[in-house]
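*Asks:* Quick one: the structure is below, questions incoming.
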Amino acid sequence: MTRMVQCARLKQELEALDRPPYFGELGQRIFEGVSKQAWQEWLRHQTMLINEYRLTPVDPKARKFLEQEMEKFFFGEGSAAPEGFVPPA
């Protein structure tokens, strides 16, 4: 049987993740309250952030920034695109 969650981002009951996608407390919060669909949206948004800000994910400062953006994306006011960002056509 598929596990369902009330998705914090999409505000509806949707299919849950199979396991925590991130370590620690934040990963557990995501596992308990974020849907697979919202997680896929985050992966696309995270890729855009990495590319636009030219981040190196192994850099501790970049990881901290991405973690803060992830928190905002799912549980806060949302993670905004960089100023001047124009999505590809």
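*Asks:* Of the numbered conditions (1) modelled with pLDDT under 95; (2) polar (S, T, N, Q); (3) touching a Cys at 6+ places or on another chain (Cβ under 9 Å), GLN37 satisfies every one except a single condition; which is it?
*Replies:* (1)
*Asks:* Of the residues GLN28, GLN46, GLN40, which is under 10 Å from the mean Cα position of the chain (by Cα), surrounded by fewer than 16 Cβ atoms within 10 Å (Cβ to Cβ) and in a helix (DSSP H, G or I)?
*Replies:* GLN40
*Asks:* If you don't mind, there's one more thing I want to ask. Are there any pairs, at least 6 apart or on different chains, whose C-beta atoms fall under 6 Å, with the first in the range 1-18 and exposed (fewer than 10 other Cβ atoms within 10 Å of the Cβ) and the second of a type in the set (D, E, K, R) and part of a strand (DSSP E or B), and if so, which?
*Replies:* Close Cβ pairs (under 6 Å, with a partner that is of a type in the set (D, E, K, R) and part of a strand (DSSP E or B)) amount to THR2/GLU15.
*Asks:* Considering only the range 61-88, state which residues are aliphatic (A, V, I, L, M) and either exposed (fewer than 14 other Cβ atoms within 10 Å of the Cβ) or touching a Cys at 6+ places or on another chain (Cβ under 9 Å) (or both).
*Replies:* Answer for the range 61-88, where residues must be aliphatic (A, V, I, L, M) and either exposed (fewer than 14 other Cβ atoms within 10 Å of the Cβ) or touching a Cys at 6+ places or on another chain (Cβ under 9 Å) (or both): ALA80, ALA81, VAL86.
The values are calculated or read from the model by the stated rules, or taken from the named source; none is laboratory data. This is a predicted model, so every value here is computed, not measured. Cβ coordinates were reconstructed from backbone atoms using ideal geometry, including for glycine residues, and neighbour counts include every protein chain displayed.
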